[in-house]
Amino acid sequence: MPKVLMRGNHTVAEAAVRAGCRYYFGYPITPQNETPEYMADRLSKLEGGSFIQAESEIAAINMVIGASMAGGRVMTSSSSPGISLKQEGMSFLSALELPAVIVNMSRGGPGLGNIAPAQSDYFQATRGGGHGDYRTIVLAPASGQELADLTFEAFDLADKYRTPVVILGDGMLGQMMEPVAFRPDVQLRKLPHKDWTLTGARGRPSRIIKSLLLDPVEEEEHNWKLMRKYEKIAKEETRWETFESDDARMLVVAFGTAARIAKGAIKRVREQGLKVGLIRPISLWPFPTRVIRDFSKKVKHFFVFEMNMGQMVDDVKLALEGNAEVHFYGRPGGIILTPLELSRVIGSQYNQKRLG
Amino acid sequence: MMKKVFSRPKSLKPTAFHYCPGCGHSIIHRLIGEIIDEMELQEKIIGVPPAGCAVLAYDYFDIDMGEAAHGRAAAVATGLKRVLPDRVVFTYQGDGDIAAIGTAETIHATSRGENVTTIFVNNGVYGMTGGQMAPTTILGQSTTTSPGGRKEKRDGHPVKLSEMLAISDGSAYIERTAVNSPAHILKTKKAIAKAFRYQVEKKGFSLVEILSACPTNWKMSPVDSCKWIDDVMSLHFPLGVIKDIGDKKDAH
């Protein structure tokens, strides 16, 4: 497959279409406007394709619900404040067991914040910002190529588990241009048949898709059912990458853009002889808890770097169960640290702990 | 040999309605069921019930139905229709659902001329939550959250949603009817049938607003409730066709 140079926001849109997405509903917000713009043009040229610039993020996510009920591969995208508005719909998607892909090219917050890259939506994405007992699969790409690959996977995971999947990027991934090679197009007709969609009760009994379960016994059973599904996802769909971790005395844990910066920093400290490695969670939920716990048998110092005030660090601590020391370094607000700057912080922590 | 003159429409399940005595929902459900049968739509129609008293509509209709969050039915219907343009899609919504929390979704679905139908049941109160003031509660009407009657300076004016939607170039047909007398029920049936027909003919957004009694929350007998619709409510919400593009091909 030849490589093309593409901006992240275009990459995710093109990958979605190639993965079979024919329906997109969204509302403008920076720094992800290129995604709806690309979809408006691309889907208008595809048979059966439909794009709507919705009146709000709330309307957009509810259009996603309708299209998903009808069996379509459907996506919406936004950035932090817009994702807050979509949370109601994401709770419903989870409860109704509907597949959908939701892209968050996140920005600095809280409130309007700014339009610079930040990772302050980790809690919102992994804890389910909406109401009720649910989990969403969260995929965190660190490059344009991974953004393309994970978009394909997001649609398959959503269909396989009948659950919404979040792609959590940031303004940098969305805006940066990188070479990308796309996987072969998904053939819609070859996808597994969905036997639960609303298409009109022709030649079969009528169907209901609902989340109202007034009887507590029924609601509890539904919660158990969802829980069993989430346990299966946690077992089978956890994704991570390790880098220079074999002989590491200190492990950096970082995701997305922060992990990319961390790789550069680790290369620099390695040149100075510091034995530092990286664990990069690719799925933020399910979180690679087991991997981190296993590393703690031999590594006793963990360095968590995030572009926020400390969110994923909670999951790292939960994984470690007190078996190793955790140091946190965070830069919120849209500040993008250089690998050199981060290498100094890592180096100083490494030397303070006399690991050399 | 006895001749059968009355039976349940086959697009309604043999389930007893849970609605209060004198409530209009049961009548409206039946009318929709009869029309689905008569227009032979049972195998190609999808309904979107609201949050509110009629949320359980999917227990009564024997057709495909998909739940919407409170107020979001027009957006959910839009998504369904964009994937399945040859099916008939309708929403069934109360006044709070459509004219308060779902106003934005409704106005924009209308403006886009989404080729869907909305059945808007206006009883002037939030029924399911216990009779609070609705966007359509008329001035002077007492509810649990407009004690002493709705006052414009304190509570604002009622929303005339159908008139607002009629202004939009995307709406094809909007009529306000009532189900408080046999004559009005027959008119309502005709209006619903026309709304569905317009959708089949791809004319654009169609809506029937139905004034419907809520004796429980109005704290009136069913008979007085029906009289109140004629004597008071319909003065504020006049019955009749509000918009009809007629033979024009579509609303745009």
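Before moving on, here are some points about what is shown:
- Scope the range A:69-99; condition in contact with a helix residue (DSSP H, G or I) (Cβ under 6 Å, 6 or more places away or on another chain), within 10 Å of chain B (Cβ to nearest Cβ) and under 30 Å from A:Ala116 (Cβ atoms); matching residues: A:Val74, A:Gly89
- Here is the figure for the range B:64-94: residues that are more than 7 Å from every other protein chain (Cβ to nearest Cβ) and either assigned to a strand (DSSP E or B) or on the phi > 0 side of the Ramachandran plot (or both) total 8.
Yes/no matrix, rows are residues, columns are (1) surrounded by 24 or more Cβ atoms within 10 Å (Cβ to Cβ); (2) closer than 15 Å to A:Leu168 by Cβ; (3) among the small types (Gly, Ala, Ser):
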| residue | (1), (2), (3) |
| --- | --- |
| A:Ala13 | yes, no, yes |
| A:Ala40 | no, no, yes |
| A:Gly48 | no, no, yes |
| A:Ile83 | yes, yes, no |
| A:Glu88 | no, no, no |
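- Scanning the range B:33-51 for residues that are closer than 25 Å to B:Cys214 by Cβ and either within 7 Å of chain A (Cβ to nearest Cβ) or surrounded by fewer than 23 Cβ atoms within 10 Å (Cβ to Cβ) (or both) yields B:Gly33, B:Glu34, B:Ile35, B:Ala51.
- Only one entry of A:Gly129, A:Gly144 meets the criterion of being at pLDDT below 95 and in contact with a Ser or Thr (Cβ under 8 Å, 6 or more places away or on another chain), and that entry is A:Gly129.
- Residue within the range A:258-271 that is under 20 Å from A:Thr136 (Cα atoms) and outside any strand (DSSP E or B) present: no
- Within the range A:9-62, tally of residues that are farther than 17 Å from B:Arg112 by Cα, among the acidic types (Asp, Glu) and modelled with pLDDT of 95 or more: 4
- Test: residue in the range A:6-14 that is within 14 Å of another protein chain (Cβ to nearest Cβ) and of a type outside the set (Lys, Arg): no
- Segments classed as strands (runs of 3 or more DSSP E), wholly inside the range A:38-113, with at least 3 members that are over 20 Å from the mean Cα position of the chain (by Cα): A:50-53
- Residue identified as more than 14 Å from chain B (Cβ to nearest Cβ), small (Gly, Ala, Ser) and crowded, with 21+ Cβ neighbours inside 10 Å among A:Ala254, A:Ala181: A:Ala254
- B:Ser26, sole failed condition from (1) within 20 Å of B:Asn217 (Cα to Cα); (2) out of contact with any Phe, Trp or Tyr (no Cβ under 7 Å at 6 or more places or on another chain): (2)
- In the range A:44-68, of all residues being among the hydrophobic types (A, V, I, L, M, F, W, C) and either more than 21 Å from A:Val17 (Cβ to Cβ) or without any contact (Cβ under 8 Å) to a residue 24 or more places away in the chain (or both), the one that is nearest to the other protein chains (Cβ to nearest Cβ) corresponds to A:Ala59.
- Residue that is surrounded by the fewest Cβ atoms within 10 Å (Cβ to Cβ) [pool: residues in the range A:197-243 that are β-branched (Val, Ile, Thr) and within 13 Å of chain B (Cβ to nearest Cβ)]: A:Ile208
- Test: A:Gln349 is under 16 Å from A:Leu251 (Cβ atoms) and more than 27 Å from the chain's Cα centre (by Cα): yes
- The number of residues in the range A:120-144 being surrounded by fewer than 18 Cβ atoms within 10 Å (Cβ to Cβ) and in contact with a strand residue (DSSP E or B) (Cβ under 6 Å, 6 or more places away or on another chain) comes to 0.
- Condition met for B:Tyr173 (under 24 Å from B:Leu80 (Cβ atoms), over 14 Å from the mean Cα position of the chain (by Cα) and aromatic (Phe, Trp, Tyr)): no
- Test: residue in the range A:268-278 that is among the polar types (S, T, N, Q), more than 24 Å from A:Arg135 (Cβ to Cβ), in contact (Cβ under 8 Å) with a residue 40 or more places away in the chain and out of contact with any strand residue (DSSP E or B) (no Cβ under 6 Å at 6 or more places or on another chain): yes
- Some residue of the range A:109-119 being in contact (Cβ under 8 Å) with a residue 40 or more places away in the chain, surrounded by fewer than 24 Cβ atoms within 10 Å (Cβ to Cβ), out of contact with any strand residue (DSSP E or B) (no Cβ under 7 Å at 6 or more places or on another chain) and small (Gly, Ala, Ser): no
- Taken over the range B:95-114, the criterion of being surrounded by 24 or more Cβ atoms within 10 Å (Cβ to Cβ), within 9 Å of chain A (Cβ to nearest Cβ) and touching a residue at least 60 places away in the same chain (Cβ under 8 Å) is satisfied by B:Ala109 alone.
- Put simply, of A:Thr238, A:Thr242 the only residue that is in contact with a strand residue (DSSP E or B) (Cβ under 7 Å, 6 or more places away or on another chain) and in a loop (DSSP other than H, G, I, E, B) is A:Thr238.
- Some residue of the range A:26-34 being touching a residue at least 60 places away in the same chain (Cβ under 8 Å) and either closer than 23 Å to A:Leu157 by Cβ or part of a helix (DSSP H, G or I) (or both): yes
- Residue check for B:Val125: closer than 20 Å to B:Ile245 by Cβ and either touching a residue at least 24 places away in the same chain (Cβ under 8 Å) or acidic (Asp, Glu) (or both): no
- Sole residue being buried (at least 20 other Cβ atoms within 10 Å of the Cβ) and away from every other protein chain (no Cβ under 14 Å), chosen from A:Leu173, A:Leu191: A:Leu173
The values are calculated or read from the model by the stated rules, or taken from the named source; none is laboratory data. Model, not experiment: these values are computed from the prediction. Every residue, glycine among them, receives a Cβ derived from its backbone with ideal geometry; neighbour counts consider all protein chains shown.
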